[in-house]
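Here's the structure we're looking at; comments come further down.
The values are calculated or read from the model by the stated rules, or taken from the named source; none is laboratory data. Because the structure is a prediction, the values reported are computed rather than measured. Neighbour counts are summed over all protein chains in view; Cβ atoms, including those assigned to glycine, are modelled from backbone coordinates with ideal geometry. Calculation scope for accessible area: heavy atoms of the full protein, side chains included, ligands and nucleic acids excluded. Shrake-Rupley method; radii C 1.70, N 1.55, O 1.52, S 1.80 Å.
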Amino acid sequence: EAYGIPLVFATGKGYFDTNEVRDILNYLRIIDNPLSDIHLFGVLRSVFGNFNEDEIGQIRGADKSVSLYENLVNFTGDVDLTHKISSFLARLEGYREMVTYKGVRDVILKIINDHSYLDVVSAMPCGARRKANVLMLLTKAASFEKTGSFGVFKFVRYVEAIDKYDIDDGEPDILDEANDVVRVMTIHKSKGLEFPITIVADMGKQFNMANTKGNILMDSELGMGVKYFDVNRRFRKENLRYLGISKKIRYEEMAENLRVLYVALTRAREKLIMVAESKDAQKLCERIAGAEDSKCSYLKFVNAGSFLELMEPVLSKHVINVQFVTPKELALVENDNEMEENLLKAEISQDKITTDTELAKAIKTRINKPYPHKNTLNLYAKTTVTELKMAAMADEGEWVSHSFETNKEDEYVPTFAEEKRKISGTVRGNAYHRFMEIARFGEIYKDIFTEYPGDFDEFSKNLDEDILFKNISQEAFAMKENKKLDEESYEAVDVRKLSKFFMSNLAYRMWGADLQNKLKREQPFVLGLSADRVNREFPPEETVLIQGIIDAFFEEDQRTVLMDYKTDVVDNEEILIKRYKTQLEYYKEALERLFKNKVREGILYSFYLGREVRVEL
């Protein structure tokens, strides 16, 4: 890639780390929050901003307390630069307005078209693959919207989750065997294919023979082999049966290794290059020179530890060109500065430099100098409330299960049928949150109340459970039909549990707040805290950003009521309070900073227990 040679390398990872995809994601992040300096700087330096570092330095100015975005908005100076900034801000503002009525895919497509981005990336080295990466991002955005989720903020969180939990699909493979490219693949993947030139790398790697060891060995023909244990004298040793089974497994493994080697060596049409490392090159040369037979004997075959050892007997007589290169010579040939630096470090550490002792000591001192800010090594710039909560619970030694309850009758369901019916705790929890986020109170209570009841007693007295059950069922079905709730989430929500919630005093109060436009649901926030509050070892002058989403809160008597939905399987309220009090405390601090109102009470609603759980904050 460094030399512009097209490469196909199916790693399965790294898609979101490619420059062309990262630049678009950075643009989406500043559309959501332009005050993010790091992402804004990335966009300004990319083809979307086309600012150089000198221009950004002028914009930034000397005052580091002001955000880069504010510097952009308030910039006065060079006329050409001012015009360039105005054009960039106008386009950014257009995208920010667009996200209020368009989906994420449409916004990304608009960004691509406005900047002729596909043409730009196609003109870069490996342009076809870069273009495929950009188009794949459009596909991911469309898939995201099919789940019923909307908005740039949620899409960015969705992408970050994929990247964090290592479920990246990798880059799209847009080249086939007919293309003039360098392909990197496993030997198994190359079976049946041919190439003009084949390089078989790392032939000195030792075979993995772990399955020939262990206390118990199994074989389909010879049965079980168990080591002999003498408990009194505290030793163990192999017996004849164990050794026989171990040898048989080794022979079978070596036969498979030989088949794999055959595949590797028969892929080349014109030229085959084999590369191997050896810890002792001198002994290797002696063994090759002293090989009397040009064939691999059976004894050599069964005792070989690598492909290199299998090849040794034939290297001197049948391989056209054998070259031995030391690491130092390789560094000189490749002119690799990094490798030379590593070799220098190795020589210094082994005291091989004798020509200039003072220089060697000075270099050693600098290399071994301790890092002065060790207390910030694990300091992260941003985290989530959930991660802080889990860390706090881990410190207390509590293991948390988010599984939801199962019916007793499920115990008698056959395994193959149970697999189809089982819904994970995460999916179920997300389904309840999604329903509560978009549920319409007016539709839930229609045909029961014509207006908001005077008090909770009147509400409870006139509530018809059958009509309520029917209304909730219809509301869930409507969400599914309108693609706001996917099929899996629709199956996951239990209307009986939802009915229990909508009969509660909490639902009654939320309905009243909603009628006055004082109910907020799924409210995202970012909270800045001094680092020592997150971890006592961190310096207090550093700031850590805490990100989270509050399920719901509403204003009542000029004070705020905070609430959170939970689907945990728990025996009592105390467990829920212990698990989530820290989380609610962060939510409380965020709300009080944002809206200046005091949080009067914190409430957890447990769908599993079917009741409100009050938390003292």
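Condition first: closer than 19 Å to residue 434 by Cα and among the charged types (D, E, K, R). Can you find one or more residues in segment 528-549 that meet it?
no
Which one is nearest to residue 500 (Cα to Cα) among residues in segment 421-441 that are open to solvent by 50 Å² or more (accessible area, probe 1.4 Å) and part of a helix (DSSP H, G or I)?
430
How many residues does segment 1-25 hold that are hydrophobic (A, V, I, L, M, F, W, C), more than 18 Å from residue 185 (Cβ to Cβ) and at pLDDT 70 or above?
4
Being more than 19 Å from residue 133 (Cβ to Cβ) and not in a helix (DSSP H, G or I) is the filter here; which residues of segment 96-116 pass it?
99, 100, 101, 102, 103
For segment 572-591, what are the residues that are assigned to a helix (DSSP H, G or I), farther than 15 Å from residue 526 by Cβ and open to solvent by 30 Å² or more (accessible area, probe 1.4 Å)?
573, 574, 575, 577, 578, 581, 582, 585, 588
Which of (1) of a type outside the set (Ser, Thr, Tyr); (2) open to solvent by 40 Å² or more (accessible area, probe 1.4 Å); (3) in contact with an Asp or Glu (Cβ under 6 Å, 6 or more places away or on another chain) does residue 41 not meet, given it meets every other one?
Going through the list (1) of a type outside the set (Ser, Thr, Tyr); (2) open to solvent by 40 Å² or more (accessible area, probe 1.4 Å); (3) in contact with an Asp or Glu (Cβ under 6 Å, 6 or more places away or on another chain), residue 41 breaks only (3).
Evaluate segment 137-148: report whether one residue or more is open to solvent by less than 60 Å² (accessible area, probe 1.4 Å), farther than 25 Å from residue 160 by Cα, not in a helix (DSSP H, G or I) and not charged (D, E, K, R).
no
Give the residue, chosen from 93, 55, that is assigned to a helix (DSSP H, G or I) and open to solvent by 80 Å² or more (accessible area, probe 1.4 Å).
Among 93, 55, only 93 is assigned to a helix (DSSP H, G or I) and open to solvent by 80 Å² or more (accessible area, probe 1.4 Å).
From the set of residues in segment 266-294 that are acidic (Asp, Glu) and either touching a residue at least 40 places away in the same chain (Cβ under 8 Å) or in a helix (DSSP H, G or I) (or both), which is least open to solvent (accessible area, probe 1.4 Å)?
Across segment 266-294, the extreme among qualifying residues is 286.
For segment 446-488, give me the residue count where each residue is surrounded by 15 or more Cβ atoms within 10 Å (Cβ to Cβ), of a type outside the set (A, V, I, L, M) and closer than 28 Å to residue 524 by Cβ.
Adding up the residues that qualify gives 4.
Could you list, in sequence order, all residues of segment 117-134 that are open to solvent by 20 Å² or more (accessible area, probe 1.4 Å), assigned to a helix (DSSP H, G or I) and without any contact (Cβ under 8 Å) to a residue 12 or more places away in the chain?
119, 122
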